[in-house]
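Quick note: the coordinates plus some simple rules give every number you see, no bench work behind them. Treat the numbers as computed from the prediction; the structure is a model and nothing was measured. All Cβ positions, even for glycine, are placed from backbone atoms using ideal geometry, and neighbour counts span all protein chains on display.
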Amino acid sequence: MRKGVFLDRDGVINQLVTTDHWFASPYVVEDFHILPGVPEAIKILKNAGFVCVVVTNQPDIARGKFTDGDLRKIHDFMQSQLGLDGVYYCPHDEEHKCPCRKPKPGMILQAAKELEIDLSKSFVVGDRWRDVDMGPLVGCKTVLINTEATKRENKKIKADWEADNLLEAATIIARA
């Protein structure tokens with residue numbers, strides 16, 4: 001069994017698209033911009049022996065704002081740039097009560113099974129309460145990335161560690 005890092009996508013791997021009132025996921029590859037330090041962070045994690053997996057809620061597919069095909073193009077681009085070991089996503093909205101929609105751990109459990117990951121030696125990294133709350137459900141340690149979305153959510157989030165970006169989080173995880 002291998003150790004893994006389960007990474008949220010939007011706000012951790014890539015820049016969020018700013019709207020009038022909130023932040024959104026990019027819907028096309030042209031709007032998908034990898035944040036500074038992310039490629040280096042993935043290298044640090046892989047060199048430390050971690051499997052790197054993205055787990056992301058993408059409810060705007062269910063809402064009809066973009067398609068699975070659009071998302072596949074973004075994820076293909078992301079994987080080509082970062083060399084991730086896997087990308088798992090939930091296309092459902094909250095009303096679907098899907099077991100893979102974060103904070104429910106369906107995506108992590110599926111990835112752990114398929115990629116032979118020992119969850120007790122693994123980490124969840126994200127910038128929202130849904131990410132951090134998912135970690136303890138499967139026995140993973142957590143790192144909260146403090147972003148503008150984290151602050152605007154205005155919710156008390158209890159993580160094992162906090163970081164300002166994925167590069168800092170990778171350094172914490174590699175030393176843990």
> What does the charge dipole of the stretch 41-123 about its Cα centre add up to, to the nearest 20 debye, if the Cβ of each Lys and Arg holds +1 and the Cβ of each Asp and Glu holds -1?
Replying inline: 160 debye
> Using alpha carbons only, how many degrees (0 to 90, rounded to 10) separate the axis of helix 106-115 from the longest principal axis of the chain?
Replying inline: 50 degrees
> Gln79 to Glu162: FRET efficiency via 1/(1 + (r/R0)^6), r the Cβ-Cβ distance, R0 25 Å, to the nearest 0.05?
Replying inline: 0.35
>> How would Met1, Met78 line up from fewest to most surrounding beta-carbon atoms within 10 angstrom?
In response: Met1, Met78
>> For the chain, place one equal point scatterer on every Cα, skip the solvent, and apply the Debye formula. What is log10 of I(q)/I(0) at q = 0.19 Å⁻¹?
In response: -1.37
>> Please give me the summed charge of the neighbours of Met1: other residues whose Cβ is under 12 Å from its Cβ, Lys and Arg +1, Asp and Glu -1.
In response: +2
> What fraction of the DSSP beta bridges in the chain is antiparallel, stated in percent and rounded to the nearest 5?
Replying inline: 10 percent
> Using the C-alpha gyration tensor of the stretch 60-103, what are the square roots of 5 times its eigenvalues, in whole angstrom, with the largest one first?
Replying inline: 22, 14, 5
>> Taking the alpha-carbon distance from Lys65 and a cut-off under 17 Å, which lysines remain once sequence neighbours fewer than 8 residues away in the same chain are dropped?
In response: Lys73
> Which of the lysines could be linked to Lys3 by a straight reach, that is with a Cα gap under 24 Å, when you skip same-chain ones fewer than 8 residues away?
Replying inline: Lys43, Lys46, Lys102, Lys104, Lys113, Lys121, Lys141, Lys158
> Of Glu40, Glu95, Glu162, how do they rank once you tally other Cβ atoms within 10 Å and put the fewest first?
Replying inline: Glu95, Glu40, Glu162
> Using a 4.7 Å Cβ cut-off, which Cys residues in the chain lack a partner cysteine?
Replying inline: Cys52, Cys98, Cys140
